[in-house]
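For reference, the structure discussed in these notes is given below.
Bear in mind that the values in this text are calculations on the coordinates, not laboratory data. Values in this document were obtained by computation on a predicted structure and should not be read as measured data. Counting neighbours? That spans all protein chains shown, and the Cβs are built from the backbone with ideal geometry, glycine included.
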Amino acid sequence: MIETLDPGLYIVATPIGNLSDLSPRAAAVLAAADLIAVEDSRVTAKLLRHIGVKRPMTPYHDHNADRVRPGLVEQMRDKAVALVSDAGTPLISDPGYKLVREARAAGIRVTTIPGPSAVIAALTLAGLPTDRFAFFGFLPAKAAARAAAIERAERFDGSLVFYESGPRLAAALTALDEGLGPRDAAVVREISKTFEETVTGTLDALAARYAEAPAPKGEIVIVVGPPGEKPAAGQADIDAAIEEALTRLSPSRAAAEVAERLGVPKRAVYERAQQLK
């Protein structure tokens, strides 16, 4: 057990479900911290009861972060301040990064105590490629903004991870299917809890499943696999791309652009560009 902590900021990952997932080091830091910055004091109080300690807490969340951050940073000069979220690793979909940035700017020591993360846990359960992935947080609620966010995500050549709530799940899956096509995907919920569930299938199948079912309970992560290989471009597609590029670029630059975009040999494209010119 840690008796005392040096002044500074301690980023502490907390369980995403099962309280037994709290690491011994995280428990020791929380027990020794002079102050704990929390999203919801009721949630953190439950965790502290689990490890048998009481510590001073102060709220730090989206609604008060800008107002309380300067005071928190000032306290870190002579106190050990632990930062926690309600579940998982702080700074993932919360305002914690600004606290870290300003603490560093003030010369404050920053330490992380790593642990559970719903993003990583869901990736391990989904059975989809993990060599390249991107986390996009919660999709916007409004249809137009959601479609734009999905269009940006579509450009990433790897697995995609989103957070979602039960009541919005069916609409989110439908929008993902419309924007990404029938990619392989997984809906993961209640991670590490008694009713942990992972449902896999293509996006269109998952959208249909949840459109017909009651909204699931618990915190939800959607994992979408990378796009499949695109079909090889035909000569008509190549010619059309070259002709369009030649309206803007020299033959050599047009060939380079088209070759990279369509995945065809640059020399062959350049020769064809000279013919079409």
>> Please enumerate, by chain and number, the lysines with C-alpha under 27 Å from the C-alpha of LYS277, excluding those fewer than 8 residues away in the same chain.
In response: LYS266
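Using 0.36 nm per residue, how much length does the chain from SER192 to ARG168 gain when fully extended, once their Cα-Cα distance is taken away? Could the numbers behind the result be given before it?
Values: separation 24, 0.36 × 24 = 8.64 nm, distance 2.20 nm.
So the extension gain works out to 6.4 nm.
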> By per-residue mean of other Cβ atoms within 10 Å, what is the highest-first order of 239-248, 217-226, 260-269?
Replying inline: 217-226, 239-248, 260-269
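Please give the contour-minus-distance gain from ARG67 to GLU260: 0.36 nm per residue of separation, less the Cα-Cα distance, rounded to one decimal in nm. Each step should come with its number before you reach the end.
Details: separation 193, 0.36 × 193 = 69.48 nm, distance 4.85 nm.
Net length gain for the segment: 64.6 nm.
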>> Sequence gap at least 6, Cα distance under 8 Å: using those rules, report the relative contact order of the chain to the nearest whole percent.
In response: 16
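Using only helices, what value at 222 nm comes out for the chain when you add -39,500 (n - 2.57) per DSSP H run of length 4 or more and divide by the total residues, to the nearest 500 deg cm²/dmol?
Details: 11 runs with 118 residues, N = 277.
It comes out at -13000 deg cm²/dmol, rounded to the nearest 500.
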> Around GLY179, with a cut-off of 13 angstrom between Cβ atoms, what is the net charge of the other residues, counting Lys and Arg +1 and Asp and Glu -1?
Replying inline: -1
> Hey, in the GNM for the chain with a 10 angstrom Cα cutoff, which one of GLY17, GLY107, GLY181 fluctuates hardest?
Replying inline: GLY107
> HN-Hα J couplings of the stretch 21-38 from phi, Karplus 6.51/-1.76/1.60, θ = phi - 60°, integer Hz, Gly and Pro as x?
Replying inline: 6, 5, 6, x, 5, 4, 4, 5, 5, 4, 5, 9, 5, 6, 7, 10, 8, 10
> Pick from ASP184, ASP237, ASP157: which residue has the top mean-square fluctuation in a GNM of the chain where Cα pairs under 10 Å get a spring?
Replying inline: ASP237
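DSSP beta bridges in the stretch 8-116, what fraction antiparallel, as a percent rounded to 5?
Numbers: 1 of 15 bridges.
Taking every DSSP beta bridge within the stretch 8-116, about 5 percent pair in antiparallel fashion.
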> Most mobile of GLU190, GLU257, GLU178 per a Gaussian network model of the chain (Cα springs, under 10 Å)?
Replying inline: GLU257
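How much net charge surrounds LEU206 when only the other residues with a Cβ under 15 Å from the Cβ of LEU206 are counted, with Lys and Arg +1 and Asp and Glu -1? Could you put the intermediate results ahead of the total?
Values: positive: ARG168, ARG183, ARG189, ARG209; negative: GLU164, ASP177, GLU178, ASP184, GLU197, ASP204, GLU212.
Local net charge: -3.
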>> Please report the net charge: other residues with Cβ closer than 12 Å to the Cβ of ALA241, K and R +1, D and E -1.
In response: -3
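Considering only the chain, what is the antiparallel percent among its DSSP beta bridges, to the nearest 5? List each step's numbers first, then the result.
Details: 17 of 35 bridges.
Expressed as a percentage, antiparallel bridges in the chain total about 50.
Of LYS54/LYS217; LYS46/LYS217; LYS142/LYS193; LYS142/LYS217; LYS98/LYS193, which sit over 28 Å apart, Cα to Cα?
Details: LYS54/LYS217 30 Å; LYS46/LYS217 21 Å; LYS142/LYS193 31 Å; LYS142/LYS217 22 Å; LYS98/LYS193 31 Å.
The pairs that break the limit, which is 28 Å between Cα atoms, are LYS54/LYS217; LYS142/LYS193; LYS98/LYS193.
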